[in-house]
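Comments concern the structure below.
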Amino acid sequence: MASTGKRTTSSSSRSSGGKSTSAKGSGARKAQGKGKATGKKPSAPAHKPFRRELGAVVCLLLAFFGAIGYFKTDEGAFIALFCNLLKGLCGYGFYIAPPMLLASAVILAFHRGKPVRLRVTSALLLPVLAGAVFHLFLCKQEYVWSFAMFGRLWTDGLAAASGGVLGGILAEAFQFAFSEVGAIVVLLVLALVAA
């Protein structure tokens, strides 16, 4: 009996010892597996997207075409269309649209991996906000809220006599909501924040 008790104790100690060594072995295998997954094995280089660089080139070209529109020379069809679009939408803000397009190109070209969406959006909103501010200061026309107002703002924007469709509607809406002085203050604050 005593001999069988000794045998069971020794066999149980062997089996527990076997479990501990097998547990140690599996832990070592897991550690080796983690080492392989963490980057010891060289991976293929990821391709960088060129969306921002392409956007920078597009903004640079549009800034160049907009700057040509400052002068009353023989404009090409695309330049005339683009400048008329800017004038119709931004009115007075057309004159700062090419510099803001150039600023957007610089932001997109030299981003260094930083997020740029808000900066580019702010730069592109400045011509609209400037058109709205100058609309309140310089525009002598009276506008009545109707669908015909869009057409009048477009034609007056082309003639540099209003804030264009976007700037004019923004100015008229803020003037209706906050009065003329309040609208000027709110739009100036928004322009400063965008800048």
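Filter segment 108-148 down to residues that are without any contact (Cβ under 8 Å) to a residue 12 or more places away in the chain and hydrophobic (A, V, I, L, M, F, W, C), then give me how many there are. Within segment 108-148, residues that are without any contact (Cβ under 8 Å) to a residue 12 or more places away in the chain and hydrophobic (A, V, I, L, M, F, W, C) number 5. Working only within segment 134-148, note down all residues that are more than 19 Å from residue 101 (Cβ to Cβ) and surrounded by 13 or more Cβ atoms within 10 Å (Cβ to Cβ). If the condition is that a residue be more than 19 Å from residue 101 (Cβ to Cβ) and surrounded by 13 or more Cβ atoms within 10 Å (Cβ to Cβ), then 135, 136, 138, 139, 143 are the ones that fit.
Scanning segment 104-139 for residues that are touching a helix residue (DSSP H, G or I) at 6+ places or on another chain (Cβ under 7 Å), farther than 21 Å from residue 189 by Cα, assigned to a helix (DSSP H, G or I) and not small (Gly, Ala, Ser) gives 107, 108.
Among the residues of segment 91-106, are any in contact with a Ser or Thr (Cβ under 8 Å, 6 or more places away or on another chain), modelled with pLDDT of 85 or more and either farther than 26 Å from residue 175 by Cα or not aliphatic (A, V, I, L, M) (or both)? There is at least one residue in segment 91-106 that is in contact with a Ser or Thr (Cβ under 8 Å, 6 or more places away or on another chain), modelled with pLDDT of 85 or more and either farther than 26 Å from residue 175 by Cα or not aliphatic (A, V, I, L, M) (or both). Would you pick out the residues in segment 58-78 that are over 20 Å from the mean Cα position of the chain (by Cα), in a helix (DSSP H, G or I) and crowded, with 18+ Cβ neighbours inside 10 Å? 65, 66, listed by residue number. Counting only residues that are open to solvent by less than 10 Å² (accessible area, probe 1.4 Å) and not in a helix (DSSP H, G or I), which one in segment 149-171 is nearest to residue 86 (Cα to Cα)? Across segment 149-171, the extreme among qualifying residues is 163. Take the conditions (1) crowded, with 22+ Cβ neighbours inside 10 Å; (2) within 15 Å of residue 94 (Cα to Cα); residue 183 misses just one of them, which is (2).
Within segment 79-103, no residue that is outside any helix (DSSP H, G or I) sits with its Cβ atom under 9 Å from a residue that is open to solvent by less than 30 Å² (accessible area, probe 1.4 Å) and at pLDDT 90 or above at 6+ positions apart or across chains.
The values are calculated or read from the model by the stated rules, or taken from the named source; none is laboratory data. All values derive from a computational prediction rather than experimental measurement. Cβ atoms come from the backbone with ideal geometry, glycine included; neighbour counts cover every protein chain shown. Ligands, DNA and RNA are stripped out before the accessible areas are found, and what is left, the full protein with its side chains, is counted by its heavy atoms. Shrake-Rupley method; radii C 1.70, N 1.55, O 1.52, S 1.80 Å.
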